[in-house]
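One structure is given here, and the rest of the page talks about it.
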Amino acid sequence: MRINSIESLVPGILVVGMLGCGMEGEELRPAQRLGSSSEVSSSGVTSPDLVGRDAFAWSEPVWLGPLINSTGREFGANLSSNGLSLYFNSDRGGSLDIWVSRRAGLGCPWQAPVNLGAPLNTAFNEGVPYFSPDGRVAFFASHGHDSRGSADIFVSRRVDPNDDFGWEAPVNLGSDVNTLEHESSPAYVQSAGGGGQLYFTREGQFFTIPVSRDGQTRGPAVLISELSEPGGVNRALTVRADGRELIFFSSSPHPGAMGMADLWVSTRRSVNDLWSAPRNLGPPVNSSRPELDARLSLDGQTLLICIGARTGGLGFQDIWMSTRGPSAKEEAVNSTQCPP
């Protein structure tokens, strides 16, 4: 990619990351064997009632180690629907691209990441895909392809949900979603009827639009007014698979902010209700360092986080992981179940 800047995918993220630059000496054990390990129901998610305290029951974040992270920038990490592939953005090759790492089982170590290549990556910037529950459809933001604005949202499909290199040529989602402004951070929630809702960010404000099972829009997009602020200060959202929990990062000085950028959560009792007023996720997830970007696993039990220069990290921005409930360090499966 020609544009070596995270800011080109998520407006404001580069400035926040630079403010959080600097590392300290304490080292955490890499979470090489961690990830989503809960059973997923036919509806796509098994998770507790997150309207109350469980929305904040996250463990201390654990660093994903030097194989996933580098001395540069890693961000936007997202697990595939089956939990066996980890997609993320990295500039380790000298430019920002989508990379993917695989593992043999949910408790097995991540293998060396590989550049995803064409047709998703281009000479410009692409954001990490957000997957449908069956793993056959992916939504992502890009400056390349036939982008009409500063960034557009695209859909790509594949026949084999286990083939990370089987993606078809991306298709622009069109004028129902994309404008001459900056669209990014898509998050897909599938409904029981077969279609779903696509959530995304446009210039720091949140929108949603109905889409078909194969990713065609049934628009136009609608502003989520209760979560959007004038001036566009909120960024990079992720939505739990049942559509009742939304997490985003903001660098705005909201009451209760802990650092230069924090993760915030909003919940609702049903998909027909308005979102609650956002609340700071607080410690141990948030800190004085910038927590910039997060993705929920399909079962809602794992949160992958981009954190700038946190103690124990390696690079300018690293990928960390938190789990809902027990400490992430206790979630590893016996390594004897994994091939050598």
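The values are calculated or read from the model by the stated rules, or taken from the named source; none is laboratory data. Predicted model only: the values in this text are computed from it and were never measured. Virtual Cβ from ideal backbone geometry, glycine too; neighbours counted across all protein chains shown. Keep in mind that these areas ignore ligands, DNA and RNA; they rest on the heavy atoms of the full protein, side chains included. Shrake-Rupley method; radii C 1.70, N 1.55, O 1.52, S 1.80 Å.
Please pick out the residue among Ala151, Ala141, Ala169, Ala187 that is at pLDDT 95 or above and closer than 25 Å to Ile305 by Cβ.
Being at pLDDT 95 or above and closer than 25 Å to Ile305 by Cβ holds for just one of Ala151, Ala141, Ala169, Ala187, which is Ala187.
For the stretch 104-116, what are the residues that are over 17 Å from Leu64 (Cα atoms) and open to solvent by less than 20 Å² (accessible area, probe 1.4 Å)? Outline the logic, then answer.
The initial filter retains those residues of the stretch 104-116 that are over 17 Å from Leu64 (Cα atoms), namely 115-116.
Leu116 - this is the single residue of the stretch 104-116 that is over 17 Å from Leu64 (Cα atoms) and open to solvent by less than 20 Å² (accessible area, probe 1.4 Å).
So is Asn125 surrounded by fewer than 17 Cβ atoms within 10 Å (Cβ to Cβ), within 15 Å of Gly76 (Cα to Cα) and either touching a Gly at 6+ places or on another chain (Cβ under 6 Å) or not aromatic (Phe, Trp, Tyr) (or both) or not?
no
What single numbered condition from (1) surrounded by fewer than 16 Cβ atoms within 10 Å (Cβ to Cβ); (2) at pLDDT below 50; (3) under 26 Å from Arg324 (Cβ atoms) fails to hold for Val45?
Against the list (1) surrounded by fewer than 16 Cβ atoms within 10 Å (Cβ to Cβ); (2) at pLDDT below 50; (3) under 26 Å from Arg324 (Cβ atoms), Val45 comes up short only on (1).
Just checking, does the stretch 176-195 include any residue being closer than 18 Å to Ser276 by Cβ and open to solvent by less than 20 Å² (accessible area, probe 1.4 Å)?
Applying the first criterion (closer than 18 Å to Ser276 by Cβ) to the stretch 176-195 yields 187, 189.
In the following step, the residues that additionally are open to solvent by less than 20 Å² (accessible area, probe 1.4 Å) were identified as 187, 189.
There is at least one residue in the stretch 176-195 that is closer than 18 Å to Ser276 by Cβ and open to solvent by less than 20 Å² (accessible area, probe 1.4 Å).
Just one of Val177, Val100 is over 19 Å from Ala77 (Cα atoms) and either more than 17 Å from the chain's Cα centre (by Cα) or at pLDDT 95 or above (or both); which is it?
One residue alone meets the criteria, Val177.
For Ser270, indicate whether it is closer than 26 Å to Leu180 by Cβ and surrounded by fewer than 22 Cβ atoms within 10 Å (Cβ to Cβ).
no
Yes or no, residue by residue, for (1) open to solvent by 10 Å² or more (accessible area, probe 1.4 Å); (2) at pLDDT 85 or above; (3) under 16 Å from Ala236 (Cα atoms); (4) basic (Lys, Arg):
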position	(1), (2), (3), (4)
Ser288	yes, yes, no, no
Gln301	yes, yes, no, no
Gly308	no, yes, yes, no
Gly312	no, no, no, no
Ile319	no, yes, yes, no
Ser327	yes, no, no, no
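Scanning for something of a type in the set (D, E, K, R), in contact with a Phe, Trp or Tyr (Cβ under 7 Å, 6 or more places away or on another chain) and open to solvent by 40 Å² or more (accessible area, probe 1.4 Å), does the stretch 216-237 turn up at least one residue?
Yes: one or more hits.
Pick from the stretch 148-174 the residues that are free of Cβ contacts under 8 Å to residues at least 24 places away in the same chain and either polar (S, T, N, Q) or surrounded by 15 or more Cβ atoms within 10 Å (Cβ to Cβ) (or both): which of them is nearest to Phe200 (Cα to Cα)?
If we take residues in the stretch 148-174 being free of Cβ contacts under 8 Å to residues at least 24 places away in the same chain and either polar (S, T, N, Q) or surrounded by 15 or more Cβ atoms within 10 Å (Cβ to Cβ) (or both), then Phe154 is nearest to Phe200 (Cα to Cα).
Scanning the stretch 68-88 for residues that are under 12 Å from the mean Cα position of the chain (by Cα) and closer than 13 Å to Tyr130 by Cβ, which turns out surrounded by the most Cβ atoms within 10 Å (Cβ to Cβ)?
The selected residue is Gly76.
Suppose we filter Pro278, Pro284 for residues that are farther than 17 Å from Thr201 by Cβ and open to solvent by 10 Å² or more (accessible area, probe 1.4 Å); which single one remains?
That would be Pro284, the only listed residue that is farther than 17 Å from Thr201 by Cβ and open to solvent by 10 Å² or more (accessible area, probe 1.4 Å).
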